[in-house]
Structures are given as C-alpha cells and as structure tokens.
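Input: a single structure, listed below in structure tokens.
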Amino acid sequence: MKVLSNLQGYGLAIISCGVALALAGPIDAPSSCFLLAVTVSGLFGGLGPSLLSVALSALAFAYFFLGRPSPPARESTSLLRFAVFLAATLLITVLMEIKRRAEESRSRSEEALRQAHAELAHANRVTTMGELTASLAHEVNQPIAAAVTDANTCLRWLTRDHPDIDEAREAAMRVAKDATRAAEIISKVRQIFKKGAQQRELVDVNEIIREMIVLLRKELSRQSIAVRTELAADLPRLMGDRVQLQQVLMNLMINSIDAMKNVEGKRELTIKSQRAQDEDEQLLVLVSDTGVGLPPQQADHIFNAFFTTKTDGTGMGLRISRSIVESHGGRLWATDNHPRGASFHLTIPTKIEAHE
C-alpha cells in the first residue's frame, strides 16, 4: 500500500474527520464514522495523520456528542462509550502502523532479494566466463606447445652442419598437425555456442592412442618414461567426436607424465584397451602410471573444476575430460596403484546418443 506524502496524509485526516462528523449526526453512529476516519487516515497517511485523526475524532466526539446535558446515569454511559471509542481508535492506529511497517519491511526484503538474485546472476556469468577462458586456454595450449617444440626441432635439424631434410620435414609436418588440432578445438568451442549438433564419426580408439603416443614421444623420452601398450585387436569402432577423444587421451597421458617427473626408480606409462568385462557394448581404456599417485584424502576432488596439485596447473584438464566422456555416454574415474601410481579408467559405449 502506497503511503501518501505528509501534507497529503494530514489533509486526508482532516477531510476524513470532517466527513465522519457530517455523517455521524444524521445516522446517529458517531463511533463507527470516526473509527472509519481513523482507519482511512492510518491506512493511507501513516502514523502522524492517524494520530491527528484520533485527536480530531476525540474532540468532535466529546464536543458534539458528549457535551449535551443528560441524566447522570446516561452521562456515565456516554463517558464509558467515549473511553471505549478512544481506546479503539488508538488500537486501530497501532495496528495500522504495525501493518505499514510490516509491508515496508517486506518491500525492503523483496528488493534485497531481487538485488541478491541480480548479483548472483552476475557472479554466475563471471564464473562461467572464467571457466570458459581457463578451459580454452588449457585445451589450446597443449597443441600450441607441441607445435613450438616441433618447430624448434625442425630448426635444429636445418641448422646443423649437414641438415637432415627428412627429420626437418617430419617435424614440420607435426607442427602443421598440431596447429590444425588447435584450430579444430577452437572450432568445437564455436559449435558449442552455435548450439549445433556435434560432428561425430566412427572412431578407432586404438588409432587415437597411437597418435597421442607419437605426439608425446619427445616428452616421454625427455622424462625417461617407458611406454607399454596392450591394445585389443578386435575392438569395434565407436561413434564419437575424434578431437574431443584425442583431448581426453592427451590430458590423461600428460597427467601421468607430470606425476612421474620427480619420482625415483621405474617410470612406466601403461595404456590398455579392451572390451569392458561386464558389458559387450562398452570399450575400456586404461591409462596407468608409476607416479606419485592420487592426492591423500582428496582423491574424490581431482575431477572438480580448478582443483589442482600442480603449481602451474589450471585444474581444468580432468574436469573437461570427464565432461567429454560423459557427453559420449561413458564414465571416467581414477584409482590408486600398488605400490605407487594411479590409474584412470575410461569406458565408452560403442552405440550411444549424445548426452547434453
């Protein structure tokens, strides 16, 4: 209920009492008329006009309806009526003020709630943009870094006393391949914003695994990491996004490489592919290492966005990988190895529909 300005409220109180006085005589109902005037003044004018209406009503009631000569018995009854009338007007004034303040408090609460919703929506947009930026930077950085490494390798082969054209050509081809893959990642992000259907095709999981091993072989060699593969020969192809599945395998392999950088003793990366034992239409890929293992008491958090144990990590690689796998209808989880290291298990159905 909108409260009038002070001037309007006091004017309403005076007019209401005047109307009540004009009607009280002919209908012989002064109490009802003045109570109505007090109610209207308190409802639309607030506390001040309501008190003014009480005072004017009490004066008019006492002067016009109690000032007439009457027998002592009737006079005492009139005084009681006046006392009850005065108490009723004050009670109405208090109730109207309580009601008005409750409505103002509710209005402030609703405004605060709307403001909180607006701030939450803004924070959500900022967070979403931050996650998107971190995700894109993380995903694009890998092929770009590989391209830079191969470009430097190409230059070394060309600047030797006896340039090795074949090795330089091979390194240059890897640069082109890495740059193409970075462009494909950006293209996938654009497709997401266009809300278009993902481009899926029949994919050979073993072929993707071999491609990632070739791509990371220089880093594996530099860290003295041996690679052991056990790839089943009779695996069916699955319908999936080739670039996204490449990103998953690369993220898992890079995590394993990072986990073994500073460990003593045997460094071995094992990659297996096979049919899942419990279901014939599921493919299982296992990426296992002999690194530092999963973080103690935090193994369940490694797939959370921005969770990382690396000083230079973004905490997005495993989160993105799990999202990709789930969009293919599969699962991705991790377990500890004995005596050390960790294994990442990836299952993907061969016959799936995209999960948004």
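The values are calculated or read from the model by the stated rules, or taken from the named source; none is laboratory data. Because the structure is a prediction, the values reported are computed rather than measured. Cβ: placed from backbone, ideal geometry, glycine included. Neighbour counts: every protein chain shown. Ligands, DNA and RNA are stripped out before the accessible areas are found, and what is left, the full protein with its side chains, is counted by its heavy atoms. Shrake-Rupley method; radii C 1.70, N 1.55, O 1.52, S 1.80 Å.
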Original post:
Got a number for residues in the stretch 37-53 being touching a Ser or Thr at 6+ places or on another chain (Cβ under 8 Å) and either without any contact (Cβ under 8 Å) to a residue 24 or more places away in the chain or surrounded by fewer than 24 Cβ atoms within 10 Å (Cβ to Cβ) (or both)?
Top reply: 4
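Find the residue count for the stretch 251-265, including only residues that are within 15 Å of PRO339 (Cα to Cα), charged (D, E, K, R) and touching a residue at least 40 places away in the same chain (Cβ under 8 Å). Explain how you work it out, then say what you get.
Of all residues in the stretch 251-265, those within 15 Å of PRO339 (Cα to Cα) come to 259-260, 263-265.
Keeping just the survivors that are charged (D, E, K, R) gives 264.
Filter again for touching a residue at least 40 places away in the same chain (Cβ under 8 Å), leaving none.
Of the residues in that region, 0 qualify.
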Original post:
Is at least one residue of the stretch 18-38 among the hydroxyl-bearing types (Ser, Thr, Tyr) and more than 55 Å from the chain's Cα centre (by Cα)?
Top reply: yes
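Between SER256, SER273, which is crowded, with 22+ Cβ neighbours inside 10 Å and either over 20 Å from PRO349 (Cβ atoms) or hydroxyl-bearing (Ser, Thr, Tyr) (or both)?
Values: SER273 fails: crowded, with 22+ Cβ neighbours inside 10 Å.
It is SER256.
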**OP:** Give just the number: which of (1) in a helix (DSSP H, G or I); (2) at pLDDT below 80; (3) open to solvent by 30 Å² or more (accessible area, probe 1.4 Å) does ILE185 not satisfy?
**Re:** (3)
Original post:
In the stretch 199-233, what residues are touching a residue at least 24 places away in the same chain (Cβ under 8 Å), assigned to a helix (DSSP H, G or I) and over 38 Å from the mean Cα position of the chain (by Cα)?
Top reply: LYS218
**OP:** State whether one or more residues within the stretch 200-218 are in contact with a His (Cβ under 9 Å, 6 or more places away or on another chain) and of a type in the set (A, V, I, L, M).
**Re:** no
Original post:
Can you pull out the residues in the stretch 218-232 that are closer than 16 Å to SER288 by Cα and basic (Lys, Arg)?
Top reply: ARG228
**OP:** Tell me which residues, restricted to the stretch 74-96, are in contact with a Gly (Cβ under 9 Å, 6 or more places away or on another chain) and modelled with pLDDT under 80.
**Re:** ILE92, THR93, MET96
**OP:** Search the stretch 54-64 for residues being touching a residue at least 40 places away in the same chain (Cβ under 8 Å) and open to solvent by less than 40 Å² (accessible area, probe 1.4 Å), and hand back the single one that is nearest to the chain's Cα centre (by Cα).
**Re:** SER57
